[in-house]
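The values are calculated or read from the model by the stated rules, or taken from the named source; none is laboratory data. In this text the structure is predicted, and so the values were computed from the model without any measurement. As a convention, Cβ positions derive from the backbone with ideal geometry for all residues, glycine included, and neighbour counts pool all protein chains shown.
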Amino acid sequence: MSVQIFGDQVVEERGENARMSAFVGAIAVADLVKSTLGPKGMDKLLQSASSDQSIVTNDGATILKSIPLDNPAAKVLVNLSKVQDDEIGDGTTSVTVLSGELLREAEKLIEQSKIHPQTVIEGYRIASRAALKALEEVAVDNSKDPVKFRDDLVKIAKTTLSSKILSQDKEQFAELATEAILRLKGNTNLEHIQIIKILGGNLEDSFLDDGFLLAKKFGTNQPKRVENAKILIANTGLDSDKVKIFGTKFKSNSTSGIAQLERAERERMKGKVEKISKFGINTFVNRQLIYDYPEQLFSDKGINSVEHADFEGVERLALATGGDVVSTFDDPEHCRLGECDLIEEIVIGEETFLRFSGCKVREACSIVLRGATLQVLDEAERSLHDALGVLSQTTREPRTVLGGGCAEMVMSRAVDTAAQSTDGKRAMAVEAFARALRQLPTILADNAGLDSGELVTRLRAAAYGGLSSAGLDLTRGELGDMRELGIVESFTLKRAVVRAAAEASEVLLRVDHVVRARPRTAGRAQ
Amino acid sequence: MAQPRTMDMPDLSNAIVAQDEMGRPFIIVRDQGNKQRQHGLEAKKSHILAARSVASIIKTSLGPRGLDKILISPDGEITITNDGATILSQMELENEVAKLLVQLSKSQDDEIGDGTTGVVVLASALLDQALELIEKGIHPIKIANGFDEAAKVAIRKLEGSTDDVALNKSEFHEYLFKAAKTSLGSKIVSKTHDKFANMAVDAVTAVMDEERKDVQFDLIKLEGRVGGSLEESSLINGVIIDKDFSHPQMPKQVLPKEGETGVKVAILTCPFEPPKPKTKHKLDISSVEEYQKLQNYEQDKFKEMIQYVKDSGADVVICQWGFDDEANHLLLQNKLPAVRWVGGQELELIAIATEGRIVPRFQDLSKEKLGTCKRVYEVEFGTTRDRMLVVEQGATNSKTVTCFIRGSNKMIVDEAKRALHDSLCVVRNLVKDSRVVYGGGAAEVTMSIAVSEEADRQKGIDQYAFRAFAQALDTIPMTLAENSGLDPIETLTTLKSKQIKEHTSVFGVDCLGKGSNNMKELFVVDPFIGKKQQILLATQLCRMILKIDNVIISGKDAY
């Protein structure tokens, strides 16, 4: 006699089945993005089911975000890559692939060798500790020397970009990204770098503007050029400045009363503009709208006005020109004005921009991307975002490691050494971890159409023999010295990949039961 | 004459009259078939089986080698957890008896906070044993009574075998740490075992009230954030709120002013906006002068508000409500970093942490009412613009702490939070009642031995109930052994003989393969009140289920 304890349509998987479904889901996801890994990785075209939009991308997080998945383990990996994207910006594919490989190895251990999942976890913990320790040992810190550090940054950017659509112009974009990041002076908020995408032209035509671009125009009939600009950046209502006290109502018995009020309102606006002009400025940028009347008043006073510069725009402008964002105008002395040498209206493609050049502080900047199609632009933006993300993290944690499978091989070696001094069954799990790490260079080589078996074993021999800078030179299809080739990756990135992948695989390894509730049917009966 | 038909009259309250295509009326009685009734032995058996199925699901989560469950919500959200109460509450159980078990683990969770899996396993084991006795023909109530008596014996024995760890102050802290470790053993955070155990102990000791032996849980905030790794989790002395300074150009860190010992915090519950009287009102303006007056009034009001804050000497303003753009700028201009839209609960925590008063009106603001803290700063995460604000506590008497948990994905952060909550509970329980028993099933084995010894002294049917109770207690060490890949029967028998031979209750299951059964040496300890509660709750539930002999399930709506 069995008793039904679950409701209708509740699906339950137990023990081996549950574990299998977790493994299979995770491995499937990893396999899905595997082919995008590395400089010879391929892109994916994602077509939306509901709209005609399509995305062409190489970015693991973007791919995974766009596919609706049902398997719980797959969802864990998707979340993993999303977090990696938010934290570091790049390495979203690597982290997914590595945790997929870790689970694949674990599956073998559990299925074939009948090792308890917890023992596997124990082994993985030992292994990830050893791997991270080794990674830390080979990490190089060049932050003391600004020239070298800048060089490192450019190299990191190049490595990151080499697997993306920008790989053709990676030199240019690497320089561009490094320059942009250095301008932020240690700030990691990428919002301060504005990426403007304009259709037309070539990817090569993209540039980092020397000053700062704002996608706005001056008011009508105002001069298109302001030299030695003194800018007041404001966030204030210049449409109709309402009385804010709640429940106020104007009651008038006659038309003349209304006329008087209208005049008073105009006076009020005029007063405000008057106050603003006391700041001794020649440019006024407002986050909110500016109506015709105040705009005209500004023109009369010889002040150029810019309306409706959104939140980010105002914030970036404040950072670039060093002015305060102002909302009250009674106290001109206590207010820092933004300054720059020249503001001019320029046209890029078909769009008009205000270019603020010769800015004083320059802690925000604009990158203009040009490209033939929307998809190219979007993908270029994503790639650039990845590179910027990694670079900004590197400014915080300046250590670097070598790419091209080199860091993985060094870690794998350390893990193998750790395995030799581990007793019990968990040693097998430690070895498995090393194998999973070696899968990354294998996939790199496979994607490049090279003989991975041959190359990776040679790489292993080199690395285990003590050559700690050997890696795969995928353009020439042989082993190379990564330091000489300048294939450098951020230490933070690699560390996050190993840590996160180990944690995620541990989460999934611990599972032995899946209970799926009845899907909600959006209010429809049955 | 025809016999009157002896068909049961259908329940006509649910009946409707319909017509077929020819216009002839007929009666449809709805939901008749849905009504179910079970009674007698059959009902009991089905209950016990339901309990058994529930227990069989969470049984594998017990102990340091226990495994986790994935629960998928109706919306496809995923929870991965090892916590009995969480598993059961999200499992969407339909069976009534199964729901009782959910309640059971919930009440253990509310009372004690840990041992939610154990209590369900125990209850189901008791019911299993009861089923055998029922089949022998013993009356359920008699069994329940016998179980109650047995539970008393067990708890008496348990109480006798406790060790009070508070006798030695210096060792007490060590014990708290060990107990926290035991409770974390089965969770994912065992990866950074010491760190989380330390966090739990430090958090509780920071906020505990030694006089009253109580710990106010409201003062410990658990804040989680994806990114980084479990190892980066930390205990923060003060409060973290998911907010940033109201103006992008305000400084990212506020340190005490020169000559001052701390940052002065003004905690406000009034908005930096023109006043909005609560009484319904209407303000009619009829002349231009009035309009201008109103304008000036408005502006003065802003200045006045800022002046009040400024006069009080505050360095930072924390406000429950929003700011008007103008006020925001005035704050910036007056070098008053401010935070807006801070939730009520967080506001209270900040007030406690800084020993400040929550001020409802600008007029009431004064120097004495300001809070003091070491510093207030923003922390940034990753490449997004997400920021959080940390109010770091200075040397004040009242304490609040925040356990800040990081992890590589959402599921791990959530699970780490639950795990930490459990171990906080364990530590708190030890602060309240410092007696411990030994884990790894040692306490259960001791009780089981005591109960079965007592069994022979019972008269009549209670003997059976006692023996059954003892066997049910054995389930816990057996499950632990099974989950750890050991032979359950062999392990149990070894433990029993060892405990009897050496007259001690320190021998338990060696789940982690440390090569020793001595739980005292391995420092596997559980709070006494947690164990006691488990026994009491399980016995009570068992009695309740045994008393049911009739189940009527009325027809449900088809939706």
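Among the residues of the range A:300-337 satisfying the criterion of being among the hydrophobic types (A, V, I, L, M, F, W, C) and part of a strand (DSSP E or B), which is farthest from the other protein chains (Cβ to nearest Cβ)?
For the range A:300-337, the residue satisfying everything is A:VAL306.
Considering the range B:366-382 alone, what residues qualify as being at pLDDT 80 or above and of a type in the set (Gly, Ala, Ser)?
Residues of the range B:366-382 that are at pLDDT 80 or above, as a first pass: B:366-379.
Those that are at pLDDT 80 or above and of a type in the set (Gly, Ala, Ser): B:SER366, B:GLY371.
Please enumerate the residues belonging to the range B:206-244 that are free of Cβ contacts under 8 Å to residues at least 40 places away in the same chain and polar (S, T, N, Q).
B:GLN216, the sole residue that qualifies.
In the range A:414-426, how many are outside any loop (DSSP other than H, G, I, E, B) and modelled with pLDDT under 90? Can you show your working first?
Initial filter on the range A:414-426 (outside any loop (DSSP other than H, G, I, E, B)): A:414-420, A:426.
After this cut, where a residue has to be modelled with pLDDT under 90 as well, the list is A:426.
Of the residues in the range A:414-426, 1 are outside any loop (DSSP other than H, G, I, E, B) and modelled with pLDDT under 90.
Of (1) surrounded by 17 or more Cβ atoms within 10 Å (Cβ to Cβ); (2) of a type in the set (S, T, N, Q); (3) at pLDDT below 80, B:THR261 satisfies all except one. Which?
Going through (1) surrounded by 17 or more Cβ atoms within 10 Å (Cβ to Cβ); (2) of a type in the set (S, T, N, Q); (3) at pLDDT below 80 one by one, B:THR261 breaks only (1).
Which numbered condition in (1) buried (at least 17 other Cβ atoms within 10 Å of the Cβ); (2) of a type in the set (D, E, K, R); (3) farther than 16 Å from B:PRO64 by Cα; (4) in contact (Cβ under 8 Å) with a residue 24 or more places away in the chain is the only one that B:ARG467 fails?
Against the list (1) buried (at least 17 other Cβ atoms within 10 Å of the Cβ); (2) of a type in the set (D, E, K, R); (3) farther than 16 Å from B:PRO64 by Cα; (4) in contact (Cβ under 8 Å) with a residue 24 or more places away in the chain, B:ARG467 comes up short only on (4).
Going residue by residue through the range A:67-78, is there one that turns out to be on the phi < 0 side of the Ramachandran plot and more than 12 Å from chain B (Cβ to nearest Cβ)? Before the answer, list the steps.
Going residue by residue through the range A:67-78, those that are on the phi < 0 side of the Ramachandran plot are A:67-78.
With the extra rule that they be more than 12 Å from chain B (Cβ to nearest Cβ), the set shrinks to A:67.
Yes.
Yes or no: the range A:267-284 includes at least one residue that is modelled with pLDDT under 75, within 14 Å of chain B (Cβ to nearest Cβ) and part of a helix (DSSP H, G or I).
Looking for residues that are modelled with pLDDT under 75, within 14 Å of chain B (Cβ to nearest Cβ) and part of a helix (DSSP H, G or I), one finds none in the range A:267-284, hence no.
Here's the yes/no breakdown for (1) among the hydroxyl-bearing types (Ser, Thr, Tyr); (2) out of contact with any strand residue (DSSP E or B) (no Cβ under 6 Å at 6 or more places or on another chain); (3) within 14 Å of chain A (Cβ to nearest Cβ); (4) more than 20 Å from B:HIS247 (Cβ to Cβ):
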residue	(1), (2), (3), (4)
B:TYR297	yes, yes, yes, yes
B:LYS301	no, yes, yes, no
B:LYS310	no, yes, yes, no
B:GLU326	no, yes, yes, no
B:ILE352	no, yes, no, yes
B:PRO360	no, yes, no, yes
B:LYS369	no, no, no, yes
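Across the range B:339-361, what is the number of residues that are in a loop (DSSP other than H, G, I, E, B) and surrounded by fewer than 20 Cβ atoms within 10 Å (Cβ to Cβ)?
Residues flagged as in a loop (DSSP other than H, G, I, E, B) and surrounded by fewer than 20 Cβ atoms within 10 Å (Cβ to Cβ) within the range B:339-361 amount to 6.
Among the residues of the range A:417-452, which ones are under 34 Å from the mean Cα position of the chain (by Cα) and farther than 21 Å from A:GLY403 by Cβ?
As a first pass, look at the range A:417-452 and keep what is under 34 Å from the mean Cα position of the chain (by Cα): A:429-452.
Within the range A:417-452, A:ALA429, A:VAL430, A:GLU431, A:ALA432 qualify.
Would you mention how many residues in the range B:287-323 are buried (at least 18 other Cβ atoms within 10 Å of the Cβ) and in contact (Cβ under 8 Å) with a residue 40 or more places away in the chain?
Number of matching residues: 12.
Please tell me if B:ASP549 is out of contact with any Pro (no Cβ under 7 Å at 6 or more places or on another chain), among the acidic types (Asp, Glu) and within 28 Å of A:GLY15 (Cα to Cα). Lay out the reasoning, then the answer.
On the way: out of contact with any Pro (no Cβ under 7 Å at 6 or more places or on another chain): yes; among the acidic types (Asp, Glu): yes; within 28 Å of A:GLY15 (Cα to Cα): no.
Judged against the criteria, B:ASP549 is not a match.
Given the conditions (1) in a helix (DSSP H, G or I); (2) more than 14 Å from chain B (Cβ to nearest Cβ); (3) not charged (D, E, K, R), and given that A:LEU342 satisfies all but one, which numbered condition is not satisfied?
(1)
Could you grab me the full set of residues in the range A:61-111 that are under 18 Å from the mean Cα position of the chain (by Cα) and either hydroxyl-bearing (Ser, Thr, Tyr) or not in a helix (DSSP H, G or I) (or both)?
Here is the first cut: in the range A:61-111, the ones under 18 Å from the mean Cα position of the chain (by Cα) are A:61-66, A:77-96.
Within the range A:61-111, A:THR62, A:SER66, A:SER81, A:ILE88, A:GLY89, A:ASP90, A:GLY91, A:THR92, A:THR93, A:SER94, A:THR96 qualify.
Of all residues in the range A:83-118, how many are facing another protein chain (nearest Cβ under 8 Å) and either small (Gly, Ala, Ser) or in contact with a Lys or Arg (Cβ under 8 Å, 6 or more places away or on another chain) (or both)?
5
Residues that are within 14 Å of another protein chain (Cβ to nearest Cβ) and over 22 Å from A:ASP416 (Cα atoms): list the strands (runs of 3 or more DSSP E) wholly contained in the range A:456-512 that include at least 1 such residues. Walk me through it before giving the result.
On the way: elements: A:470-473, A:478-481, A:488-490.
So the answer is A:488-490.
Would you please name the residue that is modelled with the highest pLDDT, looking only at residues in the range A:112-150 that are among the polar types (S, T, N, Q) and assigned to a helix (DSSP H, G or I)?
Residues of the range A:112-150 that are among the polar types (S, T, N, Q), as a first pass: A:112-113, A:118-119, A:128, A:142-143.
Checking which are assigned to a helix (DSSP H, G or I) leaves us with A:112, A:118-119, A:128.
On the way: A:GLN112: 85, A:GLN118: 85, A:THR119: 86, A:SER128: 90.
Once the filter is applied, the top-ranked residue is A:SER128.
Can you work out which of the residues in the range A:3-22 that are part of a loop (DSSP other than H, G, I, E, B) and either touching a residue at least 12 places away in the same chain (Cβ under 8 Å) or more than 9 Å from chain B (Cβ to nearest Cβ) (or both) is surrounded by the most Cβ atoms within 10 Å (Cβ to Cβ)?
Going residue by residue through the range A:3-22, those that are part of a loop (DSSP other than H, G, I, E, B) are A:3-5, A:7-10.
Among the residues that remain, those that are also either touching a residue at least 12 places away in the same chain (Cβ under 8 Å) or more than 9 Å from chain B (Cβ to nearest Cβ) (or both) are: A:7-10.
Values: A:GLY7: 13, A:ASP8: 9, A:GLN9: 12, A:VAL10: 18.
The qualifying residue surrounded by the most Cβ atoms within 10 Å (Cβ to Cβ) is A:VAL10.
If you take the residues in the range B:132-180 that are surrounded by fewer than 19 Cβ atoms within 10 Å (Cβ to Cβ), of a type in the set (Gly, Ala, Ser) and more than 13 Å from B:ALA465 (Cα to Cα), which one is nearest to the chain's Cα centre (by Cα)?
B:ALA166
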